[in-house]
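Let me begin by handing over the structure; questions about it come next.
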Number of protein chains: 4
Amino acid sequence: MIKTHGDYKQRLHDSFYKQGLMQTLNCKLGEVSAGKVEAIMPFDDKFTQQHGYFHGGITGVMADNAAGYAAFTLFEEDDSVVTAEYKINLLAPAQGETIIARAEVIKSGRTLSVVKSDVYTRLNGQEKHVATGLFSIMRLIGAAKKEI
Amino acid sequence: MIKTHGDYKQRLHDSFYKQGLMQTLNCKLGEVSAGKVEAIMPFDDKFTQQHGYFHGGITGVMADNAAGYAAFTLFEEDDSVVTAEYKINLLAPAQGETIIARAEVIKSGRTLSVVKSDVYTRLNGQEKHVATGLFSIMRLIGAAKKEI
Amino acid sequence: MIKTHGDYKQRLHDSFYKQGLMQTLNCKLGEVSAGKVEAIMPFDDKFTQQHGYFHGGITGVMADNAAGYAAFTLFEEDDSVVTAEYKINLLAPAQGETIIARAEVIKSGRTLSVVKSDVYTRLNGQEKHVATGLFSIMRLIGAAKKEI
Amino acid sequence: MIKTHGDYKQRLHDSFYKQGLMQTLNCKLGEVSAGKVEAIMPFDDKFTQQHGYFHGGITGVMADNAAGYAAFTLFEEDDSVVTAEYKINLLAPAQGETIIARAEVIKSGRTLSVVKSDVYTRLNGQEKHVATGLFSIMRLIGAAKKEI
């Protein structure tokens, strides 16, 4: 499960920052290793719900991004990534200075990968677990080649 | 299931537009009735994924908003709404001029409501079904009062 | 989406009744058409939970069976079916003389199909909606041939 | 999260074995501690799918049971348990001499608990991870009293 291909960190970096949404959210990659990806964004009241916390949908976006790219770390060089489906449980209001998603591949399959992704907020140096999700990520074999 | 309370449309309107994220997305309420809510946003490349389509996370945000507020239409005046969990299947790339989420309550319970939410894109007057989801929405009884 | 292949009803029948579990549950196929399958089983206290209702897990089994075989109706002759994942919301206690699952394909993809599946109980001629689920069903292309 | 109430193991034991389905499956409780439950059943071709493996629905039943009772370990004496919803990803064919579900509470809330549940098969002394799921379990406060 931990086999990577070529310079996967560079490919991941390029694909991740090509997303308009990641620039809009000011979301950055954190630690990346085989089967694991961390994504981090600062609090911004542009992305709040009706009580002033991070919107639960943004929690979902963060979890999804980390999950998709965690699967991507184990893909071959020409493969492309797309989320097939996910389920997320919101555990607590997402309140803090930053929001951090950490995803880890449970199973890397030929077409489908199963990835768990957890989201935390950090406030005054303390982390709080705010969401946990399970993702089915699809590998599009050879699709990255056609994108060019 | 179709009983509403007081001026639910006004309460819904107020709560919906209090969300920083809805202003950021330029997302508007569409048709609203007992147990049903529609939400609409225009395409904007600030919210794209790596291939230039609407980000799947934004599809989730739209589905979630419509779902939460569909449940809210059947709440009592002092109740507040929060998403407990959801699952969403992405059916097709979300490409179009607008993205539309339509949610409908399946079961309105005392604490938990089950809501289905479907997302469509519109391009040249044609709609395409891009996602389908199932949401568990929690009613916080009397919580709206405490928020003031 | 509604294209079928060969005598799909016969293939479905053969595969469905090959399942030890369906005999154990005394579960039968109901109406079958392109993209739609109904499955029915009688109440039996061998399959109850701690309050004497149908066990929620059995509700899941019924929903899953109908979902998998609904996808199967649109497969080609040598394809085999397997459930990749599902999510189910239990809406009410499953109490009745019979339990009925009705599934319908939302999207039939090359490898993944998305299927919704609803479960009802029937008591004194009246149906009650007891569960709703969303399933990702995988097509194993050509796998049925290798099984022989 | 790890607070238990009274003789929770005895209450759990009583409730678990009151289920007709657990006797039918010959399913037994394994290790039980605060927030954690293990359930074990032997292979039996009464519970197979069309290829002779454990039926995926049975995998779901096992995961669900362990999850519900893991939440139950943290309930007060008169509380009753019911599954609100779950999502499960099937990772591999469930083939083996026994099937084992291990569940652990992620968050124990007043009405809703979030529980992860993993399923393994054991064959020739080796375990294989065959499914992973995320469950929302509902606490019915004081309901156990009324059941008597």
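The values are calculated or read from the model by the stated rules, or taken from the named source; none is laboratory data. Bear in mind that the values here come from a model prediction, so they are computed numbers and not experimental data. Neighbour counts are summed over all protein chains in view; Cβ atoms, including those assigned to glycine, are modelled from backbone coordinates with ideal geometry.
Does the range A:42-50 contain at least one residue that is assigned to a strand (DSSP E or B), more than 7 Å from chain B (Cβ to nearest Cβ) and under 17 Å from the mean Cα position of the chain (by Cα)?
Yes, the range A:42-50 contains at least one residue that is assigned to a strand (DSSP E or B), more than 7 Å from chain B (Cβ to nearest Cβ) and under 17 Å from the mean Cα position of the chain (by Cα).
Is it true that B:Gly6 is among the small types (Gly, Ala, Ser) and surrounded by 21 or more Cβ atoms within 10 Å (Cβ to Cβ)?
No.
If we keep just the residues of the range D:107-129 that are in contact (Cβ under 8 Å) with a residue 60 or more places away in the chain and closer than 29 Å to C:Ile137 by Cα, which is surrounded by the most Cβ atoms within 10 Å (Cβ to Cβ)?
Looking at the filtered set, the residue picked out is D:Val119.
I would also like to ask the following. State all residues of the range B:25-41 that are among the basic types (Lys, Arg) and either farther than 12 Å from B:Leu12 by Cβ or assigned to a loop (DSSP other than H, G, I, E, B) (or both); if no residue qualifies, say none.
B:Lys28
Another question, if that's okay. Which residues, counting only those in the range C:85-117, are of a type in the set (A, V, I, L, M, F, W, C) and over 18 Å from C:Val37 (Cα atoms)?
Residues satisfying the conditions are C:Leu90, C:Leu91, C:Ala92, C:Ala94.
Only one of D:Thr48, D:Thr73 is within 30 Å of A:Tyr120 (Cα to Cα) and polar (S, T, N, Q); which?
D:Thr73
Can A:Phe16 be described as farther than 19 Å from A:Val130 by Cα and in contact with a strand residue (DSSP E or B) (Cβ under 7 Å, 6 or more places away or on another chain)?
Considered against the rule, which asks whether it is farther than 19 Å from A:Val130 by Cα and in contact with a strand residue (DSSP E or B) (Cβ under 7 Å, 6 or more places away or on another chain), A:Phe16 comes out as yes.
Between a first residue in the range C:3-29 that is within 11 Å of another protein chain (Cβ to nearest Cβ) and a second residue that is in a loop (DSSP other than H, G, I, E, B) and among the β-branched types (Val, Ile, Thr), which pairs have beta carbons less than 8 Å apart while being 6 or more apart in sequence or on different chains?
Matching pairs, first to second residue: C:Leu12/C:Thr73.
Can you confirm whether C:Ala66 is at the interface with another protein chain (Cβ under 7 Å from one of its Cβ atoms) and touching a residue at least 24 places away in the same chain (Cβ under 8 Å)?
no
Residue check, A:Leu90 against (1) facing another protein chain (nearest Cβ under 8 Å); (2) over 14 Å from A:Tyr53 (Cα atoms), all met but one. Which one?
The failed condition is (2).
Have a look at C:Glu85, C:Glu104 and point out the one that is crowded, with 24+ Cβ neighbours inside 10 Å and either modelled with pLDDT of 95 or more or in contact with a helix residue (DSSP H, G or I) (Cβ under 7 Å, 6 or more places away or on another chain) (or both).
Criteria check complete, one pass: C:Glu85.
Checking the conditions here, which among A:Asp118, A:Asp78 is under 24 Å from B:Ala63 (Cβ atoms) and more than 13 Å from chain B (Cβ to nearest Cβ)?
Selected residue: A:Asp118, the only one of A:Asp118, A:Asp78 that is under 24 Å from B:Ala63 (Cβ atoms) and more than 13 Å from chain B (Cβ to nearest Cβ).
I'd like the residue in the range A:125-138 that is at pLDDT 95 or above and more than 8 Å from every other protein chain (Cβ to nearest Cβ) and, out of all such residues, is farthest from D:Leu91 (Cα to Cα).
Ranking the candidates gives A:Gln126 first.
Another question, if that's okay. Can you tell me which residues in the range D:51-60 are more than 9 Å from chain C (Cβ to nearest Cβ) and in a helix (DSSP H, G or I)?
D:Thr59
Now for a separate question. What number of residues within the range A:130-148 are touching a strand residue (DSSP E or B) at 6+ places or on another chain (Cβ under 6 Å), surrounded by 17 or more Cβ atoms within 10 Å (Cβ to Cβ) and outside any helix (DSSP H, G or I)?
So the count comes out to 9.
Looking at B:Ala101, B:Ala71, B:Ala63, B:Ala67, can you tell me which residue is closer than 22 Å to A:Glu85 by Cβ and in a strand (DSSP E or B)?
After ruling out the rest, the residue left standing is B:Ala101.
Does C:Thr121 count as modelled with pLDDT of 95 or more, outside any loop (DSSP other than H, G, I, E, B), under 23 Å from B:Ile88 (Cα atoms) and polar (S, T, N, Q)?
The answer is no for C:Thr121.
Those residues that are closer than 16 Å to A:His55 by Cβ, buried (at least 20 other Cβ atoms within 10 Å of the Cβ) and modelled with pLDDT under 95, I need them from the range B:32-53; list them, please.
Selection gives B:Phe47 alone.
Let me ask something else about it. For the range C:15-29, which positions are modelled with pLDDT of 90 or more and under 20 Å from C:Ser113 (Cβ atoms)?
C:Ser15, C:Phe16, C:Leu29
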